[in-house]
Amino acid sequence: MNDMSTSTVTEDGRTIGGVMMEMRNITLRFGGVVAIKDISFDIREGEIRAIIGPNGAGKSSMLNVISGFYHPQEGEVWYHGARRKAMKPYQVARQGIARTFQNIALFDGMSVLDNIMTGRINHMSSSFLDQAIWWGKAQREEVEHRRKAEEIIDFLEIQAIRKTPVGRLPYGLKKRVELARALVAEPKLLLLDEPMAGMNVEEKEDMSRFILDVNDEFGTTIALIEHDMGVVMDLSDRVVVMDYGKKIGDGSPDEVRQNQEVIDAYLGVAHD
Amino acid sequence: MPEQLIFAMEVTLNGLMTGVMYSLVALGFVLIFKASGIFNYAQGVMALFAAMTLVGIQEGRVPFSHLINAIFGTEIYDFGWDVPALLAILLTVLVMVGFAFFVQKVIFKHLVGQEPIILFMATIGLAYFLEGVADLMWGSEIRTLDVGLPQGINLAIDETTFNWFGYGFFIDNLDIVATIVAAVLVAGLVAFAQYTKQGRAMRAVADDHQAALSVGISLNFVWILVWSLAGFVALVAGIMWGAKSGVQFSLSLIALKALPVLMLGGFTSIPGAIVGGLIIGVGEALFEFSVGPLIGGATENWFAYVLALLFLVFRPQGLFGEKIIERV
Ligand SMILES: Nc1ncnc2c1ncn2[C@@H]1O[C@H](COP(=O)(O)OP(=O)(O)OP(=O)(O)O)[C@@H](O)[C@H]1O
Ligand SMILES: [Mg+2]
């Protein structure tokens with residue numbers, strides 16, 4: 001699984017392992033619109049992989065393919081060295097892939113804590129008959145899930161809003177709660193679609209720190225979409241650049257920054 | 001105490017118990033609507049189908065016997081055994097779970113993402129289909145349902161109230177049982193939703209499909225689950241109603257009684273369904289008692305709707321729904 005011969009150690013001392021996820025010649029169409037055009041790239045164990053590109057480039061579509069929300073017409077997805085059959089989102093999630101959404105998908109009717117607890121659902125024991133019969137065991141399990149949830153709450157510094165209904169939270173905090181719900185599932189691969197969009201500088205700094213800490217402390221592999229180039233350069237080990245559904249660059253932040261095609265794509269498009 | 005007031009108290013009590021029945025049927029609607037946005041027109045027919053199946057199994061009748069006999073030229077109608085009530089109820093629950101699978105796999109799986117009106121139309125189709133199946137399976141004769149529930153006047157209440165007021169209340173034992181069963185059912189459902197993994201999944205799906213998918217919940221599973229639960233609730237309602245007035249096709253009309261309850265309580269609120277049912281039950285009983293004689297009676301047929309309509313005008317979000325404020 002983890003091909004040690006390809007492991008590398010980064011400047012800051014993190015180990016990046018073999019290929020965890022590989023996209024091979026992915027093409028995704030919506031009627032006449034080609035959202036992704038014959039794209040291949042991989043994500044390696046332990047790295048932070050960024051996907052960047054102008055608006056409408058197909059970044060979110062790519063994340064949706066990885067997480068099973070979209071199904072490409074062509075191409076293959078390989079995960080841990082095996083070809084993945086077409087999967088529903090919940091099946092992908094059960095393989096240890098958690099995600100957040102560009103336009104936030106939280107359970108608005110629930111408190112922050114309940115939202116985060118729902119992220120534990122795949123770690124909960126399977127049958128409700130079990131739960132009814134083994135009351136004691138179920139209780140202990142519940143305590144364990146609560147402990148894990150509180151751990152993530154502390155980690156993301158959202159203790160103060162634990163009981164708040166998420167519908168009432170400001171945007172930046174919602175993004176953080178969504179991250180918490182993804183993290184509490186203890187994913188192997190974490191997909192973040194614009195985790196810092198709409199945040200002020202201070203919030204962005206916090207979020208960057210959290211992402212680095214998640215990767216460093218939990219060893220979680222992360223694929224993220226981000227528009228802020230400064231943030232991307234700081235956070236990521238490797239970057240995929242997309243434009244009009246095509247891949248126009250792939251490499252270290254420094255490499256893609258000097259790539260002429262990338263420069264052109266960004267100069268041609270107004271950006272926030 | 002004035003005589004009229006004592007009568008009114010008795011009417012109120014009876015209205016409460018009828019209201020419990022309305023709540024039960026409304027509850028079935030709410031379960032499915034909350035989780036899938038489907039307004040299930042077939043809920044009433046499900047109660048009929050469940051009650052017919054229960055009676056059929058209990059009496060040891062061969063399902064689809066007319067069809068079988070027509071095809072094979074046989075003359076079989078009965079297995080020749082009686083199934084004990086509890087076992088028959090258990091088997092009927094299994095049939096309702098099977099029905100839930102059928103509904104999800106054959107119909108709604110293919111309608112994911114369609115307009116609510118399309119889904120609603122599909123349930124209308126489903127209602128008449130199920131009515132046909134029920135007819136074909138068990139025949140259309142009126143049956144009496146007897147699972148051993150106590151019936152008739154409750155003497156203890158009769159006696160107590162007689163000692164207090166000099167007038168004995170007529171409260172049917174069956175209504176008392178129905179109330180207790182409904183209370184246990186609701187408590188069970190709430191505990192299920194609150195404390196089990198599957199219940200949590202159900203609440204998650206009711207709240208946000210996309211988010212539910214992303215944490216690893218199968219929508220298909222949850223939808224089969226809510227249809228099963230709604231089938232179970234339909235069975236309970238079918239038993240109570242069937243025991244009261246026989247198992248016949250008019251039983252499916254109890255759904256019409258649930259509509260005003262939903263208008264009152266909101267389509268997504270379980271407490272709303274319960275309180276709404278009680279208000280309608282008491283409201284229509286008291287109205288019939290006080291105004292009915294003046295205008296020639298039979299106000300039960302329409303009063304609930306008028307009450308619900310009035311309510312709708314002043315509180316469109318229902319009793320417990322949050323006030324909807326349009327953002328512009
Ligand atoms: N569900 C869908 N149905 C139809 N077209 C879609 C769908 N999802 C994406 N598209 C189209 O695919 C293209 C790529 O969209 P996508 O959301 O992946 O871009 P993006 O790179 O994430 O853009 P942004 O930076 O604005 O988020 C767009 O033309 C978009 O309209
Ligand atoms: Mg996007």
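Couple of notes before you dig in:
- None of A:Asn115, A:Asn103 is surrounded by 20 or more Cβ atoms within 10 Å (Cβ to Cβ) and either outside the structural domain of A:Gly167 (by TED's automatic domain parsing) or over 21 Å from A:Gly230 (Cα atoms) (or both) except A:Asn115.
- Lone unmet requirement of (1) within 16 Å of ligand 2 (Cβ to nearest atom); (2) away from chain B (no Cβ under 14 Å); (3) in contact (Cβ under 8 Å) with a residue 60 or more places away in the chain for A:Gly46: (1)
- Residue in region B:23-63 that is nearest to the chain's Cα centre (by Cα), counting only those that are β-branched (Val, Ile, Thr) and in a helix (DSSP H, G or I): B:Val25
- Single residue of region A:82-107 satisfying the filter (over 14 Å from A:Leu189 (Cβ atoms) and away from every other protein chain (no Cβ under 14 Å)) that is farthest from ligand 1 (Cβ to nearest atom): A:Ala82
- Any chance B:Phe39 is touching a residue at least 60 places away in the same chain (Cβ under 8 Å) and either at positive phi or among the aromatic types (Phe, Trp, Tyr) (or both): yes
- Check on A:Leu113, within 16 Å of ligand 2 (Cβ to nearest atom) and either out of contact with any Ser or Thr (no Cβ under 7 Å at 6 or more places or on another chain) or within 7 Å of chain B (Cβ to nearest Cβ) (or both): no
- The listed residues are B:Leu126, B:Leu119, B:Leu31, B:Leu67, and the only one of them that is more than 26 Å from A:Lys88 (Cα to Cα), buried (at least 18 other Cβ atoms within 10 Å of the Cβ) and touching a residue at least 40 places away in the same chain (Cβ under 8 Å) turns out to be B:Leu126.
- Residue within region A:144-151 that is without any contact (Cβ under 8 Å) to a residue 24 or more places away in the chain and closer than 27 Å to A:Ser60 by Cβ present: no
- Any hit, region B:110-123, residues being within 14 Å of chain A (Cβ to nearest Cβ) and out of contact with any Ser or Thr (no Cβ under 7 Å at 6 or more places or on another chain): yes
- Complete set of residues in region A:152-194 that are crowded, with 19+ Cβ neighbours inside 10 Å and touching a strand residue (DSSP E or B) at 6+ places or on another chain (Cβ under 6 Å): A:Ala182, A:Ala185, A:Pro187, A:Leu189, A:Leu190, A:Leu191, A:Leu192, A:Asp193, A:Glu194
- Set A:Ile66, A:Ile116: member being at negative phi, modelled with pLDDT of 95 or more and within 15 Å of ligand 1 (Cβ to nearest atom): A:Ile66
- Test: residue in region A:76-96 that is in the same structural domain as A:Val239 (by TED's automatic domain parsing), out of contact with any Cys (no Cβ under 8 Å at 6 or more places or on another chain), within 16 Å of ligand 2 (Cβ to nearest atom) and within 24 Å of A:Thr220 (Cβ to Cβ): no
- Filtered residue count, region B:183-230, keeping only those that are within 8 Å of chain A (Cβ to nearest Cβ) and either farther than 14 Å from B:Gly37 by Cβ or in contact with a strand residue (DSSP E or B) (Cβ under 8 Å, 6 or more places away or on another chain) (or both): 17
- Residue count for region A:40-95, restricted to those that are of a type in the set (Asp, Glu) and assigned to a loop (DSSP other than H, G, I, E, B): 2.
- Scanning region A:191-222 for residues that are within 16 Å of ligand 1 (Cβ to nearest atom) and either at pLDDT 95 or above or within 21 Å of B:Ala211 (Cα to Cα) (or both) yields A:Leu191, A:Leu192, A:Asp193, A:Glu194, A:Pro195, A:Met196, A:Ala197, A:Gly198.
- Qualifying residue in region A:183-199 (condition: within 25 Å of B:Asp207 (Cβ to Cβ) and assigned to a helix (DSSP H, G or I)): yes
- Looking across B:Phe162, B:Phe170, one residue alone is over 20 Å from the mean Cα position of the chain (by Cα), of a type in the set (A, V, I, L, M, F, W, C) and in a loop (DSSP other than H, G, I, E, B). It is B:Phe170.
- Matching residues in region B:1-20 - criterion: being in a helix (DSSP H, G or I), out of contact with any helix residue (DSSP H, G or I) (no Cβ under 7 Å at 6 or more places or on another chain) and not hydrophobic (A, V, I, L, M, F, W, C): B:Glu3, B:Gln4, B:Glu10
The values are calculated or read from the model by the stated rules, or taken from the named source; none is laboratory data. The model shown is predicted, which means the values in this text are computed figures rather than measured ones. Neighbour counts are summed over all protein chains in view; Cβ atoms, including those assigned to glycine, are modelled from backbone coordinates with ideal geometry.
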